[in-house]
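K.L.:
Input: one structure, supplied below.
The values are calculated or read from the model by the stated rules, or taken from the named source; none is laboratory data. These numbers come from a predicted model, not from an experiment. All Cβ positions, glycine included, derive from the backbone under ideal geometry; neighbour counts span all protein chains shown. Areas reflect the complete protein model, heavy atoms only, side chains present, ligands, DNA and RNA absent. Shrake-Rupley method; radii C 1.70, N 1.55, O 1.52, S 1.80 Å.
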Amino acid sequence: AYTTDTKSREENKKTIESLYRLAVDIKKIRRLKEWVLLQDVAYVTEVAGILQDMGADETAVASILERCPEAILHTPAEINSQRALWQLVCQNEKQLIKLIEQFPESFFTTEYHENQKANILFFQELGLKNNIITRFLTSAPNIFYNRVEKNKNVIETLQRNYLSLGGSDANMKIWILKLLSQNPFILLNTCAAIQENLEFLQKNDFTDHQVLQLLSKLKGFIFQLTPTAMQKSMLFSKSVFKCSDAELKQLVLKCPALLYYPVPVLEERLQGLLKEGISVAQIRETPTVLELTTQIVQYRVQKLSTLGYDIKSGTLESLNGTKKDFEANYGKIQSKKERPIFNPVAPLHVED
């Protein structure tokens, strides 16, 4: 445990000198994490040596220590253990040092070493590829801080529910691995919360098949919601679209964002669309436009209007989709507009 009490403490001169020799920007550390410089013991030279041994050049070492100065407070033994651990999923040291350069804080969190190791082995047994596990280590490191038993319980709860909702044994492994790859943060939920959310959907008359459909479409993000939040979003949509429960259910299946986004977000996006002259009836027809932010909608409407395309009288499908989808649609409308009315290479029928 490192003390963050900076009162009446002086900077460790030896630490400052060692960092200076490595061309580290000490002002940056003072500004962001000065407490590191006040510790009595630091392993600047040793940590730099291990990083260089892995292939980091002088610039990379300085950059790593500037962004994650607490690295120098770890013993060489701790860092070498972490190095061996990450090598279980990295192809080589070149890939490992590249990851440390990009995500130093994830690598230098050594307090959960045993949990990290147990979870890496569990994920490998589960069938997750090493490149997915390295992505988890860097972008979702806190799932490795859980005890492995906790992560196993969540996976077992998901598997049990998948089967009870009508999923097949043959597809279960693929389904679980896909869900985890899309959203590793599922593992931060409790088994009780997962159960509660699934029961909420069933109580709202979604069939087992439809619940599975929603889980896959929402990439498991549904578990980060609460029944209360989902209820509020559904009631908001019902009142906006003036529809029955059965019609609302179909809208949610068409656009799970109606379940996922909180009311203020849905409200803001709806207002943004209405300001562009789009009607509620059009939105109800293509509810997936609510997945787009107001800024994206404004940009796309503007871009389409330069081609003379009137969104108020047309379909909202041209607004929809990812950036790539929109660009493809835009390209089709543009080429249609630019197509010549007559065929310039056709022979002219002129009377003699």
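K.L.:
Please give the FRET efficiency for Lys129 paired with Glu10, using the beta carbon to beta carbon distance and R0 = 56 Å, rounded to the nearest 0.05.
P.N.:
0.70
K.L.:
Ignoring the sites themselves, what is the longest stretch of the chain with no GluC sites (Glu not before Pro) in a DSSP loop and at most 10 other beta-carbon atoms within 10 Å?
P.N.:
The longest uninterrupted stretch comes out as 11-350.
K.L.:
Would you calculate a helix-derived [θ] at 222 nm for the chain, using -39,500 (n - 2.57) for each DSSP H run of n ≥ 4 and dividing by the full residue count, to the nearest 500?
P.N.:
Helices in the chain give a 222 nm mean residue ellipticity of -18500 deg cm²/dmol.
K.L.:
Charges on Cβ only, +1 for Lys and Arg, -1 for Asp and Glu, centred on the Cα centroid of the chain; of Ile97, Thr109, Phe326, which one is farthest towards the dipole's positive end?
P.N.:
Of Ile97, Thr109, Phe326, it is Phe326.
K.L.:
Have a look at Ala62, Leu126, Gln210 and report the one farthest towards the positive end of the charge dipole of the chain, computed about the Cα centre with Cβ charges (Lys/Arg +1, Asp/Glu -1).
P.N.:
Farthest towards the positive end: Gln210.
K.L.:
What is the percent carbon and sulfur in the accessible area of the stretch 69-127, measuring with a 1.4 Å probe over the protein chains and ignoring ligands?
P.N.:
Carbon with sulfur: 49 percent of the solvent-accessible area.
K.L.:
Now, a different point. Of Val41, Ala192, Leu235, which is farthest towards the positive pole of the chain's charge dipole, taken about the Cα centre with +1 and -1 on the beta-carbons of Lys, Arg and Asp, Glu respectively?
P.N.:
Of the candidates, Leu235 comes out farthest on the positive side.
K.L.:
How high is the FRET efficiency from Thr228 to Glu327, r the C-beta distance, R0 45 Å, rounded to 0.05?
P.N.:
FRET efficiency, Thr228 to Glu327: 0.70.
K.L.:
Does anyone have the angle between helix 191-203 and the longest principal axis of the chain? Alpha-carbon axes, 0 to 90°, nearest 10?
P.N.:
Between the helix axis and the principal axis of the chain, the angle is about 10 degrees.
K.L.:
Sticking with this one: Roughly how many debye, to the nearest 20, is the charge dipole of the stretch 9-110 about its Cα centre, given +1 on each Lys and Arg Cβ, -1 on each Asp and Glu Cβ, and no other charges?
P.N.:
220
K.L.:
Follow-up. Is there a quick way to get the dipole size of the stretch 144-281? I mean about its Cα centre, with the Cβ of Lys and Arg at +1 and of Asp and Glu at -1; what is the value in debye to the nearest 20?
P.N.:
260
K.L.:
Okay, next question. Any of Lys98/Lys219; Lys117/Lys173; Lys217/Lys332; Lys242/Lys324 with alpha carbons more than 25 Å apart? Name them for me.
P.N.:
As for pairs spanning more than 25 Å Cα to Cα, those are Lys98/Lys219; Lys217/Lys332; Lys242/Lys324.
K.L.:
Using a Förster distance of 35 Å, how high is the FRET efficiency between Gln302 and Val265, based on the Cβ-Cβ distance and rounded to 0.05?
P.N.:
For R0 = 35 Å, the calculated efficiency reads 0.95.
K.L.:
Okay, moving on. By how many degrees, 0 to 90 and rounded to 10, does the Cα axis of helix 76-86 deviate from the longest principal axis of the chain?
P.N.:
30
K.L.:
While we're looking at this one, here's another question. Using the Cα gyration tensor of the stretch 53-104, with a ≥ b ≥ c the square roots of its eigenvalues, what is the shape: rounded (a/c below 1.5), prolate (a/b larger than b/c) or oblate (neither)?
P.N.:
Here the stretch 53-104 falls in the oblate category.
K.L.:
Filter the chymotrypsin sites (Phe, Trp or Tyr not before Pro) in the stretch 54-162 down to the DSSP loop ones having no more than 14 other Cβ atoms within 10 Å, then list what survives.
P.N.:
Tyr145
K.L.:
Using 0.36 nm per residue, how much length does the chain from Thr207 to Ser63 gain when fully extended, once their Cα-Cα distance is taken away?
P.N.:
Roughly 46.5 nm would be gained on extension.
K.L.:
Angle, helix 323-338 long axis vs. longest principal axis of the chain, Cα atoms, 0 to 90°, nearest 10?
P.N.:
With rounding to tens, the tilt is 40 degrees.
K.L.:
How much area per residue is accessible in the chain when the probe is 1.4 Å and only protein heavy atoms are counted (Å²)?
P.N.:
55
K.L.:
Moving to a separate point now. Assuming 0.36 nm per residue, please report the length gained on full extension of the stretch Gln87 to Ser244 beyond their Cα-Cα distance.
P.N.:
Result for the pair: 51.0 nm of gain on full extension.
K.L.:
Can you tell me the length gained on complete extension of the stretch Arg147 to Arg21, counting 0.36 nm per residue apart and subtracting the Cα distance?
P.N.:
The Arg147-Arg21 span can extend by a further 41.3 nm.
K.L.:
What nm distance separates the two modelled labels at Glu34 and Glu114, each placed 7 Å from Cα along Cα→Cβ?
P.N.:
For the pair Glu34/Glu114, the computed spacing is 3.8 nm.
K.L.:
Further question on the same structure: Please check the chain for the longest run free of trypsin sites (Lys or Arg not before Pro) that are loop-located per DSSP (anything but H, G, I, E, B) and have at most 11 other Cβ atoms within 10 Å.
P.N.:
8-241
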